[in-house]
Amino acid sequence: MTYAQMLALARSKLAPREYSSHFSAGYVSAVLEGANGRYYTGVNLDLACGLGFCAERNAASTMVTDGETAVRRIVCVGADGQLMTPCGSCREFLFQLSPENAAAEFLVEEDPPRVKKLAEFLPDPWQK
Ligand SMILES: [Zn+2]
């Protein structure tokens, strides 16, 4: 899948929904390519009291359920379809899933495509 195809898939999964006064979802969407060559999608889940999680971690959790921990590429978009970069929690989460994920590429610009590696977002890992 090309980055353009991953971006189209991520945008197709956007579906902002207000389920209740304390639960909304689908404002952010992510597509992740695992090292196994499979693609995983996820949307954000926002719940009251600080519960919930980001689209990237939603997609990565499904990947881990599938037995994979290493990520090759990630595309993430916000409610307007614009590219987003991972928050600090997602950066750390992905790095802790596998040290291989330091080389995972995030699409940061659409046209022309430009990527940044997770290691560029986490230049000084705390682990020894
Ligand atoms: Zn995040």
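The values are calculated or read from the model by the stated rules, or taken from the named source; none is laboratory data. None of the values given here were measured: they were computed from a predicted structure. As a convention, Cβ positions derive from the backbone with ideal geometry for all residues, glycine included, and neighbour counts pool all protein chains shown. Ligands, DNA and RNA are excluded from the accessible area calculation, which covers all protein heavy atoms including side chains. Shrake-Rupley method; radii C 1.70, N 1.55, O 1.52, S 1.80 Å.
Selection within region 90-128: residues that are of a type in the set (S, T, N, Q) and either open to solvent by less than 50 Å² (accessible area, probe 1.4 Å) or closer than 21 Å to residue 14 by Cα (or both). The member of this set that is nearest to the ligand (Cβ to nearest atom) is 101.
When region 77-89 is filtered for residues that are over 11 Å from the mean Cα position of the chain (by Cα), within 11 Å of the ligand (Cβ to nearest atom) and surrounded by 14 or more Cβ atoms within 10 Å (Cβ to Cβ), nothing remains. Among residues that are surrounded by 17 or more Cβ atoms within 10 Å (Cβ to Cβ) and at pLDDT 95 or above, residue 20 is not included.
Considered as a group, the residues in region 58-76 that are within 13 Å of the ligand (Cβ to nearest atom) and buried (at least 21 other Cβ atoms within 10 Å of the Cβ) include one that is nearest to residue 122 (Cα to Cα), and that residue is 74.
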